[in-house]
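K.L.:
Have a look at the structure that comes next, please.
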Amino acid sequence: MGLAEEVLELEAAVRREKACPEILMYESDLIESLIGQVESREKALRIDPITPEEQFRGLLYQMDLDRVKYLLSSYLRSRLVKIQAYALWVVRQDDVNFLSPQEIDFLTKYYSIKTNHFKKTFLLGLPNDLRSLESRKGQRVIEVSPQLDKHVFIKVIDDVGRVQTENSADIYLEKGDIFFIPYNLVKPLITEERKIDLV
Amino acid sequence: MEIELSMAETEFFAESQLITIVPNFREDQIILLCGQFGPFRPSIPLDVPLWLAIFLKKQHKCQIVPPSWMDLEVLSNKVEVERKTEGFAEIDFHYLETSSMLLTHAQEDIKHKSVIGRLIQDLYDLRTAKIRDIIKELKPENSKLKLTNIAAIELQTLRRLLVCTFDTISQINRKEEQVEDEKNNENAAPQ
């Protein structure tokens, strides 16, 4: 993938992450490559421009850089918001390979701060059997988990054809179509086959 | 904290689309993260991202060539087609953001700019009326909507309303199921 395609892919990743109810697989190759590019360019830009031409080019480089930096932070921040919202749930997952090492680190710290705070402020004042933050069988689930039946807007990138739905008429997805649809109906087409994108 | 896409971000994405400019300066090729552009030679048209075009315009370094759909004739046809078709007529996904940015920053490059502005407004009004019809027809049991050719901004205006409404409906459904389950469990339990 060329650099320009990477930037386009990052734009799509930002839109996807913002619209998706669950935390998607961390785009590790894409993000690491672009962070590397941004860092090396920032270093190069530190040299003071002398001539007006250099100043002009410098300004263009800076604006381009700022846009990519905004996309990167927007991507990472959207994920952090979801990690915080679903912290109690994510911690209990067997497999957290969808997070980056830094995100796992953040999650661990966030979880311990949050649970400590809960203990100090009210959990210790409750009867013994109500103190646990883990939901046990037969009890109401207390953690917030991603709602996979949340509705999303999708754009079809590649012809899909018929998609079966449980209780109503099947739908046909053709390239270029835009639908408003429950996320779980088309989830594999977004995360695995990449024939559909979230908009 | 809100992570939902904002109108400003929609405009940001519109700004990375390419547009043709005619530069009036000389400059070598410039290698940006989002692509390689140039070399810039006076009077030789080339494609650059919209954000770059508007920056150059503000510095009086280029003339912007409006996209083909912003042509007077094309646009009046579009309005007619929009009036006749039932769904949304095909149009640039970022037509509102692009035209509004160009009408603000590159007025002198757009022929018949006031007519163009009015036609865009007509188009938007027609399409918004269709959106209102969609909302009127919404039914809780039909949770799938085909919105092909809807534009970015129009989608934004629908996003919050639709997502909130349908999510609340499924939340209520879930609660009902939960209450049912609990009732069943209680009945099943020995007295």
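K.L.:
Sort out which residues of the stretch A:23-58 are open to solvent by less than 90 Å² (accessible area, probe 1.4 Å), assigned to a loop (DSSP other than H, G, I, E, B) and either in the same structural domain as A:Thr191 (by TED's automatic domain parsing) or at pLDDT below 95 (or both), and write them in order of number.
P.N.:
Hits for the stretch A:23-58 are A:Pro49, A:Thr51.
K.L.:
Another question, if that's okay. Among the helices (runs of 4 or more DSSP H) contained in the stretch B:1-96, which hold 2 or more residues that are without any contact (Cβ under 8 Å) to a residue 40 or more places away in the chain, more than 14 Å from chain A (Cβ to nearest Cβ) and surrounded by fewer than 19 Cβ atoms within 10 Å (Cβ to Cβ)?
P.N.:
Where helices (runs of 4 or more DSSP H) fall fully within the stretch B:1-96 and carry at least 2 residues being without any contact (Cβ under 8 Å) to a residue 40 or more places away in the chain, more than 14 Å from chain A (Cβ to nearest Cβ) and surrounded by fewer than 19 Cβ atoms within 10 Å (Cβ to Cβ), they are B:72-84.
K.L.:
What's the number of the only condition in (1) away from chain B (no Cβ under 11 Å); (2) within 30 Å of A:Phe118 (Cα to Cα); (3) under 12 Å from the mean Cα position of the chain (by Cα) that A:Asp95 fails to meet?
P.N.:
(3)
K.L.:
Look at the stretch A:106-128 and say how many of its residues are more than 15 Å from A:Tyr86 (Cβ to Cβ), surrounded by 10 or more Cβ atoms within 10 Å (Cβ to Cβ) and β-branched (Val, Ile, Thr).
P.N.:
1
K.L.:
To continue, here is another question. Does A:Glu17 satisfy the criteria of being surrounded by fewer than 20 Cβ atoms within 10 Å (Cβ to Cβ), within 9 Å of the chain's Cα centre (by Cα) and either within 12 Å of chain B (Cβ to nearest Cβ) or under 20 Å from A:Pro188 (Cβ atoms) (or both)?
P.N.:
Criteria not met by A:Glu17.
K.L.:
So, one more: Failed condition for B:Ser170, given (1) more than 30 Å from B:Pro67 (Cβ to Cβ); (2) modelled with pLDDT under 85; (3) in the same structural domain as B:Val79 (by TED's automatic domain parsing); (4) open to solvent by 40 Å² or more (accessible area, probe 1.4 Å), with all others met?
P.N.:
B:Ser170 satisfies all of (1) more than 30 Å from B:Pro67 (Cβ to Cβ); (2) modelled with pLDDT under 85; (3) in the same structural domain as B:Val79 (by TED's automatic domain parsing); (4) open to solvent by 40 Å² or more (accessible area, probe 1.4 Å) except (4).
K.L.:
Output the qualifying pairs, or none if there are none: Cβ atoms under 9 angstrom, residues six or more apart or on different chains, first residue in the stretch B:125-144 and within 12 Å of chain A (Cβ to nearest Cβ) and of a type in the set (Gly, Ala, Ser), second residue in a helix (DSSP H, G or I) and surrounded by 11 or more Cβ atoms within 10 Å (Cβ to Cβ).
P.N.:
Pairs that qualify, where the first residue is within 12 Å of chain A (Cβ to nearest Cβ) and of a type in the set (Gly, Ala, Ser) and the partner is in a helix (DSSP H, G or I) and surrounded by 11 or more Cβ atoms within 10 Å (Cβ to Cβ), are B:Ser143/B:Phe166; B:Ser143/B:Ile169; B:Ser143/B:Ser170.
K.L.:
So which residues in the stretch B:106-121 are on the phi < 0 side of the Ramachandran plot and open to solvent by 70 Å² or more (accessible area, probe 1.4 Å), if there are any at all?
P.N.:
Selection gives B:Gln107, B:Glu108, B:Lys111, B:Lys113, B:Ser114, B:Arg118, B:Gln121.
K.L.:
A:Arg77 - would you say it is in a helix (DSSP H, G or I), outside the structural domain of A:Leu185 (by TED's automatic domain parsing) and either more than 15 Å from B:Leu32 (Cα to Cα) or acidic (Asp, Glu) (or both)?
P.N.:
Here the answer is yes, as A:Arg77 does meet what is asked.
K.L.:
State whether the residues of the stretch A:114-137 include one that is under 30 Å from B:Glu182 (Cβ atoms) and within 14 Å of chain B (Cβ to nearest Cβ).
P.N.:
Taking every residue of the stretch A:114-137 in turn, at least one turns out to be under 30 Å from B:Glu182 (Cβ atoms) and within 14 Å of chain B (Cβ to nearest Cβ).
K.L.:
Going through the stretch A:166-187 one residue at a time, which ones are of a type in the set (A, V, I, L, M) and within 9 Å of another protein chain (Cβ to nearest Cβ)?
P.N.:
If the condition is that a residue be of a type in the set (A, V, I, L, M) and within 9 Å of another protein chain (Cβ to nearest Cβ), then A:Ala169, A:Ile171, A:Ile178, A:Ile181, A:Leu185 are the ones that fit.
K.L.:
Pull up the stretch A:59-82, narrow it to residues that are open to solvent by less than 20 Å² (accessible area, probe 1.4 Å) and more than 8 Å from every other protein chain (Cβ to nearest Cβ), then point me to the one that is farthest from A:Arg46 (Cα to Cα).
P.N.:
Only one residue tops the list, namely A:Arg79.
K.L.:
Tell me which of these A:Glu5 doesn't satisfy, since it passes every other one: (1) within 21 Å of B:Gln29 (Cα to Cα); (2) buried (at least 18 other Cβ atoms within 10 Å of the Cβ).
P.N.:
(2)
K.L.:
So, A:Ala12, is that one more than 10 Å from chain B (Cβ to nearest Cβ) and assigned to a helix (DSSP H, G or I) or not?
P.N.:
So A:Ala12 fails the test.
The values are calculated or read from the model by the stated rules, or taken from the named source; none is laboratory data. Everything numeric here is computed off the predicted structure, so don't read it as measured data. Note that we place each Cβ from the backbone using ideal geometry, even for glycine, and neighbour counts take in every protein chain shown. The protein model used for the area step is the full one, side chains on, heavy atoms only, and it has no ligands, DNA or RNA in it. Shrake-Rupley method; radii C 1.70, N 1.55, O 1.52, S 1.80 Å.
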